Amino acid sequence: MSQKMSQKMSFELKPFDELTVDPKKKKRVAYFYDSDVGNYAYGAGHPMKPHRIRMAHSLIMNYGLYKKMEIYRAKPATRQEMCQFHTDEYIDFLARVTPDNLEMFSKEQAKFNVGDDCPVFDGVFEYCGISGGGSMEGAARLNRGKCDIAINYAGGLHHAKKSEASGFCYVNDIVLGIIELLRYHPRVLYIDTDVHHGDGVEEAFYTTDRVMTCSFHKYGEFFPGTGELRDIGVGKGKHHAVNVPLRDGIDDATYKSIFEPIIQRIMDWYQPTAVVLQCGGDSLSGDRLGCFNLSMRGHANCVNFVKSFNIPMMVVGGGGYTMRNVARTWSYETGLR
């Protein structure tokens, strides 16, 4: 291979300039972490491992990123707070069910879709409280102008429905956080970069124009099987849901060429006053359940691009089933403040 051709190929394979942060534009970051979160386990062999949040936190601490942020342990979301979105009956079930009394709740398990994907494990309600509390408190700090960016990697559980668990998600912390943001913000934009469609959040706000949802996800026969191009919202919410179904193996350059123009157009048209970014790590190359081919830098470019609009921003976690990849990507993205 000639030297000239070699240089050309290496240029094509590197679609990004170095991700840098202008020192003059550094943000005030509130980072939410509860040390208990890594203690919960969905069960042997289950792909969702809350321990990855502890791994990301360990990297964040060891790289010294904590020096540039304010770190908080949020108060867990209460039953009453969860019921701002979820039904009383569903939350009451989550609060009462345990692996030991499971047999008493066989009817409810079927009704609320609790089982294989969403098992009952020790402390499931407390785990939901940590996730929900971080997103709600992050939103509250943004509302009060106490920070520019709020981060809750224990959040991002975008599949949970009003009265149903789904896709490893029980309580939809994102919806709870957006409800909090709507107390102060007339228009909130939700962006989802998980490999799975952000169906729970879209469904919650499908009929309103106060929240615009935009999901980039795998197209075709893949969980949850929703999020087609033609799904655009109804009633007042018509044209306030954007779905971008993508093929397997999408790489950094192609993702960037789709993501940036769409987000730019939405920002220009909708002019949100706050933005929530779900950073699901299952869109990374080599994920146990995903099928995209994004590098850490390609994934982080989405965070950097959204941040460049200088709008109050909440960053939450989500999927991601190759733990080391998720941990290092979230810690890398934490440094892009």
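The values are calculated or read from the model by the stated rules, or taken from the named source; none is laboratory data. Only a predicted model underlies this, so the values are computations on that prediction, with no experimental measurement involved. Virtual Cβ from ideal backbone geometry, glycine too; neighbours counted across all protein chains shown.
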Checklist entry - In the stretch 1-105, which helices (runs of 4 or more DSSP H) lie fully inside it and hold 2 or more residues that are surrounded by 14 or more Cβ atoms within 10 Å (Cβ to Cβ) and at pLDDT 95 or above? => result 51-62, 79-82, 88-96
Next on the checklist: I'd like to check something: does the stretch 137-148 contain any residue that is buried (at least 24 other Cβ atoms within 10 Å of the Cβ), in contact with a Leu (Cβ under 9 Å, 6 or more places away or on another chain) and under 27 Å from Val234 (Cα atoms)?
Outcome noted: yes
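Within the bounds of the stretch 221-239, is there any residue that is assigned to a strand (DSSP E or B), at pLDDT 95 or above and under 17 Å from the mean Cα position of the chain (by Cα)?
We begin by selecting, within the stretch 221-239, every residue assigned to a strand (DSSP E or B); these are none.
No, the stretch 221-239 contains no residue that is assigned to a strand (DSSP E or B), at pLDDT 95 or above and under 17 Å from the mean Cα position of the chain (by Cα).
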Next on the checklist: Suppose we keep only residues that are free of Cβ contacts under 8 Å to residues at least 60 places away in the same chain and out of contact with any Asp or Glu (no Cβ under 6 Å at 6 or more places or on another chain) within the stretch 312-337. Which one would you say is surrounded by the fewest Cβ atoms within 10 Å (Cβ to Cβ)?
Outcome noted: Tyr332
Next on the checklist: Looking at the structure I just gave you, is Gly156 assigned to a helix (DSSP H, G or I), under 18 Å from the mean Cα position of the chain (by Cα), within 22 Å of Met313 (Cβ to Cβ) and at pLDDT 95 or above?
Outcome noted: no
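Table: residues versus (1) under 14 Å from the mean Cα position of the chain (by Cα); (2) surrounded by fewer than 24 Cβ atoms within 10 Å (Cβ to Cβ); (3) hydrophobic (A, V, I, L, M, F, W, C).
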position	(1), (2), (3)
Tyr190	yes, no, no
Ile263	no, yes, yes
Gly280	yes, no, no
Ser285	no, yes, no
Checklist entry - In the stretch 242-255, which residue that is over 15 Å from Gly290 (Cβ atoms) and in contact (Cβ under 8 Å) with a residue 12 or more places away in the chain is surrounded by the most Cβ atoms within 10 Å (Cβ to Cβ)? => result Val242
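Does the stretch 111-127 contain any residue that is part of a loop (DSSP other than H, G, I, E, B), of a type in the set (Phe, Trp, Tyr) and buried (at least 17 other Cβ atoms within 10 Å of the Cβ)?
Filtering the stretch 111-127 for residues part of a loop (DSSP other than H, G, I, E, B) gives 112-123.
The next check asks that each one be of a type in the set (Phe, Trp, Tyr); those that pass are 112, 121.
Then drop every residue that is not buried (at least 17 other Cβ atoms within 10 Å of the Cβ), which leaves 112.
So far as the stretch 111-127 goes, yes, one or more of its residues are part of a loop (DSSP other than H, G, I, E, B), of a type in the set (Phe, Trp, Tyr) and buried (at least 17 other Cβ atoms within 10 Å of the Cβ).
When you scan the stretch 268-278, how many residues do you find that are among the hydrophobic types (A, V, I, L, M, F, W, C) and surrounded by fewer than 16 Cβ atoms within 10 Å (Cβ to Cβ)? Working first, answer last.
Of the residues in the stretch 268-278, the ones among the hydrophobic types (A, V, I, L, M, F, W, C) are 269, 274-277.
This time we only want the ones that are surrounded by fewer than 16 Cβ atoms within 10 Å (Cβ to Cβ), so: 269.
Counting residues in the stretch 268-278 that are among the hydrophobic types (A, V, I, L, M, F, W, C) and surrounded by fewer than 16 Cβ atoms within 10 Å (Cβ to Cβ) gives 1.
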Checklist entry - Is there any pair with a first residue in the stretch 132-158 that is hydroxyl-bearing (Ser, Thr, Tyr) and a second that is assigned to a helix (DSSP H, G or I) and surrounded by 21 or more Cβ atoms within 10 Å (Cβ to Cβ) whose Cβ atoms are under 7 Å apart and which are 6 or more apart or on different chains, and what are they? => result Ser135/Asp173; Ser135/Ile174; Ser135/Leu176; Ser135/Gly177; Tyr153/Ile53; Tyr153/Ala56; Tyr153/Trp330
Checklist outcome for this item: Residue set Ile258, Ile179, Ile174; condition touching a residue at least 60 places away in the same chain (Cβ under 8 Å), surrounded by fewer than 22 Cβ atoms within 10 Å (Cβ to Cβ) and in a helix (DSSP H, G or I); output residue Ile179
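May I ask you to say which residue of Glu81, Glu89 is in contact (Cβ under 8 Å) with a residue 24 or more places away in the chain and in contact with a Leu (Cβ under 8 Å, 6 or more places away or on another chain)?
Values: Glu89 fails: in contact with a Leu (Cβ under 8 Å, 6 or more places away or on another chain).
Only one candidate qualifies: Glu81.
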